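The values are calculated or read from the model by the stated rules, or taken from the named source; none is laboratory data. From a predicted model like this one, the values you see are computed outputs, not experimental measurements. Here the Cβ positions follow ideal geometry from the backbone for every residue, glycine too, while neighbour counts run over all protein chains shown. We work out accessible area using only protein heavy atoms, side chains counted, and drop any ligands, DNA or RNA first. Shrake-Rupley method; radii C 1.70, N 1.55, O 1.52, S 1.80 Å.
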Amino acid sequence: MTADLVVSTDRGLYCPLADIHIDPWRAVDRAIITHAHADHARPGSKTYLCTPESEPILRIRLGKDINIQTLPYNQPLLHNDIRIMLHPAGHVLGSAQVLLEPLGPHARTHRSCCISGDYKTTPDPTCTPFEPVRCEHFITESTFGLPIYRWPDPRIVFDDINAWWHNNQTRSLTSIIYTYALGKAQRLLAGLDPAIGPILVHGAIDRLLPPYRDAGVQLPPTERATADNAKASRGRAMVIAPPSAAGSPWLKKFGKHSDAFASGWMQIRGTRRRRSIDRGFVLSDHADWPGLLSAIEATGASRIGITHGVVTPLARYLREEKSLDAYPISTRFEGEVDDTPETDPATD
Amino acid sequence: MHRFTRLFIDLDATTRTSEKLTALENYFRSVPPEDGVWALTLLVGKRPRRAISHTEMRRIASERSGIPLWLIAECHDAAGDLSETLALILPESDRCSLRPLHRVFSEWLTPLRNADEPSRALLLNEAWDELDTRQRLVFHKLISGSFRVGVQRRLVVRALANITALDPAIIEHRLNAPWKPTPDDYRRILSPHEHDSDPAAPYPFFLATPIRPSANDPITDDLRWLEHHLADPSDWLAEWKWDGIRAQLIHRPSLTMLWSRGEEHITDAFPELRALGALLPDNTVLDGEIVAWSDQDRPLPFSDLQRRLNRKQRDLMLFDDIPIRFLAYDLLELEGRDLREAPTADRRARLQNICARLASEQHLGVSPTIDFASWEDLAEQRAASRARAVEGIMLKRKSAPYRSGRARGDWWKWKIDPYTIDAVLIYAQRGSGRRASLFTDYTFALWDNGELVPFTKAYSGLSDAEIREVDDFIRKHTTGRQGPIRMVEPRLVFEIGFEGLRESDRHRAGIALRFPRMLRRRTDKSPDQADTLETLRALLHHSRTD
Ligand SMILES: [Zn+2]
């Protein structure tokens, strides 16, 4: 009999042998952070372990002076006879899957475990691509864990976005896209065609651009939106803003505009309509249904924990259709990050 | 299918009217007639009936995709729309069908409706092989009878008017005529020649707006409103507002047709009016009101007229019982000439001319104009509306053309408030004559300080079926007897209509009603929602100050 190396506790996922939490939602001594989204990175812990790419973002989000140790992708770190490795998750800049392997006396009694954090299998030029990780126990996210979620090719989506922007210009409308400030906003920027017109960003997004540019990610020139540059580029500009800006007075300076939302949820017509926005672009930083199934299969794991999302149906599907030992893990943070309120203070 | 799917996606993707209009124009500009006519049917005509059940679609999709039924149900919950759910879960296809829309109907939809179960599965799979995800969504909606698209008929009419450079009223007129999904009918509807209209179709009706149309109009007094907005009374023509069915009587050389305002063809309900057609000049169109007409030369209640409309098998006795009359008030076409642009006064003069020749015809009359010197004078005459069994007064600008729809400014209606009150049935008594076996005489009550106070009896107004239903209720809910009178549990609410009211010492409520009758059962109201005696007293007060 082998036991789970990682278990679920009221503070989140925990490895008792290493005494380390992964993405804990309360303050702990040692926390490994898969990525800097608010539903994975919480303040107050004594020490944090993350990738070097994640570090500056984590400091912006949790505070400049937090205690961070970094571990590059694919390099081992030993701790209490447990080998820790971070592997690219392809979700946002610096996002990692956490592989924990039992060594020495634990090797015979415990299963190796990989915690996926959030991940996607579709290409994204703003972060290191997802790598499948062999393990015995895989804990996967399931934000879009239903077969109705199947992403279109992102190149086609970006063509649509640029065409929409261009078309808005012919009607003298400013284009505004609401999207999550960390990850999606930068991915969106990287896909825009700067030849079409000026690109303005909301303050909450602007402050997250330096870590990306410093890491060598190619982004088009942008300006933080101000009353002046907004007025000067009315009817021409593309504006990227967090969802919390929708319907706020901040929008006034852009004049007549057309708005859109970029998210995996836009796959469903009903969600698009409820947002009452002009357009919905299907662009997600999470794995779609085929992505989840292929990632799970590639691990070779027979025990699968399902967290963050549509846990019960995916667990049942894996049990009944794939004969895997799949089980749901309840999380405090339910729902996809795109839909949680923007936690950054709107600085503009 | 690709063009129509594009249109569906474009209409669905935007909430902006201007963008919807552009999408419609682009579509109808480029689509061949044999497909365009199907699109038109889907947008403004009838939705296709369901060709296959949801259960069966789900089962075939589950077999095709390997996704278990329970998981399809989870997906349906998340997406909220089965057509969309199935489109999203089916194995992806990189094809995009170029099959023309009319062949989707003739080769898939119609066969699907007539096929047996195994053939339905084959057909569905064949369609899925050919369609991409978005096309599948539209296709699912077509076959499951759930096709809806967020675009108003008005907007489709505007798009067609824009691409043909015709007046929207002409397009509306053509769409009103019966048409089938054939390329010929489509070409006729979109013909750029103004006169290519269906001779049997009604013209779009011109509808009056109520005076003081807004509750927050700063002018709260009718007379002051009229003085302010309508100004000189001599510019206006006044008529009674009849409580009947608005209709156009169209006479062509080979046919006479009667269309109601809902653009329903009602000729068959009124054979005596069809006979009238033959007396009119060829190619004449009258606008007017069908009114039930008593032998005392006054209108009968609308409910009498409605009984004729509702009657499925034509009952000759009923026809004799309820004579009707077409009261003409406008002349839209005479001997093939469209008169709608002519001033109202001119049309009126011509109308009177024609009808004068038919003065002896009992089923035709001209709705008379009301002579009035001032708005005060007209208000006084309006006060007699109830005695004349009319709903009030219509005002029409003498110089105005006959417009279409609810164009504001030239036709106004100045209605009287109807006398109605919602009351609770509390006592019942057997009827007399052929209804002696049934409880048909009812006493009604209104609330007064938490108790139900009887205030009127009413006998007429219910159909035989309704009487039987109420009779059954009374038998099962009798709470006491007093001689021939049964006390009934106060549970049924009725709307009581009446012609007038006055103070009375002989009635316990202190008010006597004139001609009380049951208008309908208020099954939507519970007894505690019935009106109070106070409401009735307020009506009495108003009737004095009217
Ligand atoms: Zn995330």
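For region A:1-145, what are the per-bin percents of Cα-Cα distances with bins 5 Å wide, up to the bin holding the maximum?
Percent of pairs per bin, in order: 2, 10, 21, 24, 21, 14, 6, 2, 0.
What are the aspartates and glutamates whose alpha-carbon lies under 18 Å from the alpha-carbon of A:LYS256, with same-chain residues fewer than 8 places away excluded?
Qualifying aspartates and glutamates at Cα under 18 Å: A:ASP228, A:ASP278, B:GLU19.
In Å and whole numbers, how far do the C-alpha atoms of chain A stretch along each principal axis, longest first?
Per principal axis, max minus min of the Cα coordinates gives 68, 46, 30 Å.
With every protein chain kept in the model, how would you rank B:MET487, B:MET518 by accessible area, 1.4 Å probe, largest at the top? Walk me through the numbers before you get to the answer.
Working: B:MET487 50, B:MET518 5 Å².
Sorted by accessible area, descending: B:MET487, B:MET518.
Keeping all protein chains in position, work out how much accessible area A:SER45 exposes to a 1.4 Å probe, and write it in Å² to the nearest 10.
10 Å²
When the accessible area of each residue in region A:252-280 is compared between its chain alone and the complete protein assembly (1.4 Å probe; ligands, DNA and RNA ignored), which residues differ by at least 40 Å², being lower in the assembly?
A:ILE268, A:ARG269, A:ASP278
Might you tell me the accessible area per residue for region B:2-143, computed with a 1.4 Å probe and given in Å²?
Working: 6000 Å² over 142 residues.
Per-residue value: 42 Å².
Just going by the charge dipole of region A:112-183, with Lys and Arg at +1 and Asp and Glu at -1 on Cβ, which of A:ALA163, A:ILE148, A:VAL133 is farthest out on the positive end?
Highest projection toward the positive end goes to A:ALA163.
So what is the accessible area of chain A per residue, in Å², with the probe set to 1.4 Å?
On the way: 13410 Å² over 348 residues.
Per residue, chain A has an accessible area of 39 Å².
If you line up the Cα atoms of region B:273-423 on their principal axes, what length do they span on each, largest first, in Å?
Sorted from largest, the Cα extents of region B:273-423 read 42, 41, 29 Å.
Using 10 Å bins from zero, what percent of all Cα-Cα pairs in the protein assembly as shown falls into each bin?
In order of increasing distance, the bins hold 2, 10, 14, 15, 15, 14, 13, 9, 6, 2, 0, 0 percent.
In terms of the ratio Rg/(2.2 N^0.38 Å) built on C-alpha atoms, what value belongs to chain B? Show your work: numbers first, answer last.
Numbers: Rg = 29.1 Å, N = 546, 2.2 N^0.38 = 24.1 Å.
Expressed relative to 2.2 N^0.38 Å, the Cα Rg reads 1.21.
So which lysines pass the test for B:LYS476, namely a Cα distance under 26 Å, with those fewer than 8 places away in the same chain ruled out?
List returned: B:LYS457, B:LYS525.
Can you sort B:GLU19, B:GLU92 by 1.4 Å-probe accessible area, starting with the largest? Provide the component values of the computation, followed by the final result.
Details: B:GLU19 50, B:GLU92 125 Å².
Of B:GLU19, B:GLU92, the descending order of accessible area is B:GLU92, B:GLU19.
Sorted from largest down, what three extents in whole angstroms do the Cα atoms of region B:419-545 have along their principal axes?
Sorted largest first, the three principal extents are 44, 30, 30 Å.
Considering amide H positions built from the backbone, and no H for Pro or chain starts, which residues 5 or more places from A:LEU13, or on another chain, come under 5 Å of its amide H?
A:ILE22
In whole Å, what three semi-axes, largest first, describe the equivalent ellipsoid of region A:248-303 built from its Cα gyration tensor (square root of 5 times each eigenvalue)? Could you put the intermediate results ahead of the total?
Numbers: eigenvalues 258, 28, 13 Å².
Over the Cα atoms of region A:248-303, the semi-axes work out to 36, 12, 8 Å.
I'd like the orientation of helix B:17-30 relative to chain B: the angle between its Cα long axis and the longest Cα principal axis, in ° from 0 to 90, rounded to 10.
50 degrees
Distance cut-off 26 Å, Cα to Cα: go down the list A:LYS120/B:LYS141; B:LYS241/B:LYS398; A:LYS184/A:LYS253 and report the pairs above it.
Numbers: A:LYS120/B:LYS141 32 Å; B:LYS241/B:LYS398 17 Å; A:LYS184/A:LYS253 24 Å.
Exceeds cut-off: A:LYS120/B:LYS141.
Quick check on chain B: helices-only [θ] at 222 nm, where DSSP H runs of length 4 and up contribute -39,500 (n - 2.57) each and the sum goes over total residues. Nearest 500, please. Intermediate results must be reported in sequence, preceding the final value.
Values: 22 runs with 212 residues, N = 546.
Calculated at 222 nm, the ellipticity per residue is -11000 deg cm²/dmol.
Return one number: the angle in degrees, 0 to 90 and rounded to the nearest 10, between the long axis of the Cα atoms of helix B:54-65 and the longest principal axis of the Cα atoms of chain B.
Tilt relative to chain B: about 20 degrees.
With a 1.4 Å probe and all protein chains left in place, how much of the accessible area of region A:83-201 comes from carbon and sulfur atoms, in whole percent? Could the numbers behind the result be given before it?
Numbers: 1940 of 3570 Å².
Its accessible area is 55 percent carbon and sulfur atoms.
Take the solvent-accessible surface of the protein heavy atoms, probe 1.4 Å, and return the percent of it on region B:209-415 that carbon and sulfur atoms account for. Could the numbers behind the result be given before it?
Values: 4570 of 9950 Å².
Here carbon and sulfur together make up 46 percent of the probe-accessible area.
What Rg and what Dmax come out for region B:2-143 when only alpha-carbon atoms are used, in angstroms?
Cα radius of gyration and Dmax of region B:2-143 are 15.4, 45 Å respectively.
Per residue of region B:144-155, in order, report the coupling 6.51 cos²θ - 1.76 cosθ + 1.60 (Karplus, θ = phi - 60°) as ³J(HN,Hα) in whole Hz, putting x for Gly and Pro.
With coefficients 6.51, -1.76 and 1.60, one gets 9, x, 10, 6, 9, 9, x, 9, 7, 3, 3, 6 Hz.
Could you sort the residues of region B:83-106 by number and keep only those whose accessible area is reduced by 20 Å² or more in the all-protein-chain setting relative to the chain alone, 1.4 Å probe?
SASA drop of 20 Å² or more in region B:83-106: B:GLU84, B:LEU88, B:ILE89, B:GLU92.
Specify the angular offset, from 0 to 90 degrees and rounded to the nearest 10, of the alpha carbon long axis of helix A:311-322 from the longest principal axis of the alpha carbons in chain A.
Helix A:311-322 and the main axis of chain A meet at about 60 degrees.
Whose amide H sits under 5 Å from the amide H of A:HIS308, counting only residues 5 or more places off or on another chain, with H placed in the peptide plane?
A:THR331
For B:LYS413, which aspartates and glutamates qualify as cross-link partners when the Cα separation must be under 12 Å and same-chain residues fewer than eight apart are set aside?
Straight-distance partners of B:LYS413: B:ASP222, B:GLU239, B:GLU391.
In whole Hz, what ³J(HN,Hα) sequence does region B:285-291 give by Karplus (6.51, -1.76, 1.60; θ = phi - 60°), x for Gly and Pro?
With coefficients 6.51, -1.76 and 1.60, one gets 10, 9, 10, x, 10, 8, 10 Hz.
Tally Lys and Arg at +1 and Asp and Glu at -1 over the other residues with C-beta under 13 Å from the C-beta of A:ASN162: what net charge comes out?
On the way: positive: A:ARG155, A:ARG279; negative: A:ASP159, A:ASP160, A:ASP193.
Taking every other residue near A:ASN162 into account, the sum is -1.
Any idea of the total accessible area buried by the A-B contact, 1.4 Å probe, rounded to 100 Å²? Write down the numbers at each step before the final one.
Details: alone 14430 and 27110 Å², together 39530 Å².
Buried area between the two chains comes out at roughly 2000 Å².
First check a/c for region A:196-295, with a ≥ b ≥ c the square roots of the eigenvalues of its C-alpha gyration tensor; if it is under 1.5, answer rounded, and if not, answer prolate when a/b is larger than b/c or oblate otherwise. Write down the numbers at each step before the final one.
Details: a/c = 2.45, a/b = 1.29, b/c = 1.89.
Oblate.
Considering only protein heavy atoms and a 1.4 Å probe, what is the carbon-and-sulfur percentage of the accessible area of region B:425-509?
Details: 2030 of 4640 Å².
Of the solvent-accessible surface of region B:425-509, carbon and sulfur hold 44 percent.
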